[in-house]
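What follows is a short report on a single structure.
The values are calculated or read from the model by the stated rules, or taken from the named source; none is laboratory data. The structure displayed is predicted, hence computed values, not measured ones. In this analysis, Cβ positions are derived from the backbone assuming ideal geometry, glycine residues included, and neighbour counts consider all displayed protein chains. Just the protein is used for accessible areas: all its heavy atoms, side chains included, with ligands, DNA and RNA removed. Shrake-Rupley method; radii C 1.70, N 1.55, O 1.52, S 1.80 Å.
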Amino acid sequence: IIRITNDDYKALFNSTSPLDPKLVQRIVQSIAGSGTAVIAVDIDTSGWNLKQAEAWMKTLPDKVPIVWGRDVRARRGNTVDLDRVLGEFQVSACWAVPTGIEQEGVIREFLPEVELSTGGKVPSLAAVVASMKQRADKHSLPECRIDPTLIQSRSTRNEAVTINYARHRFKTLSSASLLELSQTEAWRNGDANPLRGKIVLLGGSFRAGHD
């Protein structure tokens, strides 16, 4: 997990929201250059410029899949309206919806998919990222879709999936530390690089943000 911390928010982003797209892109670029398997970006990109974002993404290393988190703009009962992602409603980039369920201030569960008010369903960010990592482990080309066999028993009824924090230990690194380490020769050579071959989630943990 790469966290934009309170200190990062002040020092890198000058305590300003929405977060500067160029700085977010710089962080993603550093992650992409680390040999990670899949990148998930859980940050608000609704105000970005799509053409600029698409041009920037063409400069990233090949075969590094990125899944962009897409926020919910409104809820209508059990269905949702989606917000823009990368600045637009219609994009070719891979995106999915964070569907974490908060309990006492902690995300403990997530839904495999969400229903749209316009009809149809879209998979959750967690499900898409896990499916892409599974395919990468099999040396298959990652696809921006959910593997139904991964959570088949729950996805048919869209039951919440519990996150097993006791079993899975998530290593964390601040975005400032990432940017510093990514400039070192040891990091570029793969030595002492904890991101290589991993799922990497980029998100904000600063108090003033809504990311």
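Roughly how many Å² of PHE89 are accessible to a 1.4 Å probe, to the nearest 10?
Roll a 1.4 Å probe over it and PHE89 shows about 70 Å².
What accessible surface, in Å², does a 1.4 Å probe find on TYR9, ignoring ligands, DNA and RNA and rounding to the nearest 10?
The value for TYR9 is about 20 Å².
What accessible area per residue comes out for the chain, rounded to a whole number of Å², with a 1.4 Å probe?
58
For the pair LYS51 and ALA176, what calculated FRET efficiency results from E = 1/(1 + (r/R0)^6), where r is the Cβ-Cβ distance and R0 = 25 Å, to the nearest 0.05?
0.30
Of the listed values (i) 1.06; (ii) 0.94; (iii) 1.10, identify the label whose number matches Rg/Rh (Cα atoms, Kirkwood Rh) calculated from this model.
Comparing each candidate, only (ii) matches the computed number.
Provide the solvent-accessible area of GLU180, counting protein heavy atoms only and rolling a 1.4 Å probe, rounded to the nearest 10 Å².
140
For ARG188 and ALA74 in one chain, what is 0.36 nm times their gap in residues minus the Cα-Cα distance, to one decimal in nm?
Computed gain between ARG188 and ALA74 is 36.8 nm.
What is the dipole size for the chain, taken about its Cα centre, with +1 at each Lys and Arg Cβ and -1 at each Asp and Glu Cβ, in debye to the nearest 20?
Dipole about the Cα centre, nearest 20: 340 debye.
Whenever you get a sec, line up LEU23, LEU125, LEU181 from highest to lowest accessible area (probe 1.4 Å, protein heavy atoms).
Order by accessible area, largest first: LEU181, LEU23, LEU125.
Return the subset of LYS10/LYS138; LYS63/LYS171; LYS10/LYS133; LYS51/LYS138; LYS10/LYS121; LYS58/LYS121 for which the Cα-Cα distance in this structure is over 31 Å, preserving the input order.
From LYS10/LYS138; LYS63/LYS171; LYS10/LYS133; LYS51/LYS138; LYS10/LYS121; LYS58/LYS121, over 31 Å: LYS10/LYS138; LYS10/LYS133; LYS51/LYS138; LYS10/LYS121.
Calculate how steeply helix 125-137 sits against the longest principal axis of the alpha-carbon atoms of the chain, using the helix alpha-carbon long axis, and give the answer as 0 to 90 degrees to the nearest 10.
60
Sort MET57, MET132 from largest to smallest accessible area, using a 1.4 Å probe on the heavy atoms of the protein chains.
MET57, MET132
Please report the carbon-and-sulfur percent of the accessible area for the chain; probe 1.4 Å, protein heavy atoms only, DNA, RNA and ligands left out.
Within the chain, the accessible surface is 47 percent carbon and sulfur.
Assign unit charges at the C-beta atoms only (+1 for Lys and Arg, -1 for Asp and Glu), then state the dipole size of region 3-76 relative to its Cα centre in Debye, rounded to the nearest 20.
Roughly 260 debye for region 3-76.
Whole-Hz ³J(HN,Hα) for each residue in region 11-25, computed from phi via Karplus 6.51 cos²θ - 1.76 cosθ + 1.60 with θ = phi - 60°, x for glycine and proline: what do you get?
Running phi through 6.51 cos²θ - 1.76 cosθ + 1.60 with θ = phi - 60° gives 6, 8, 9, 6, 6, 10, 10, x, 5, 4, x, 5, 6, 4, 5 Hz.
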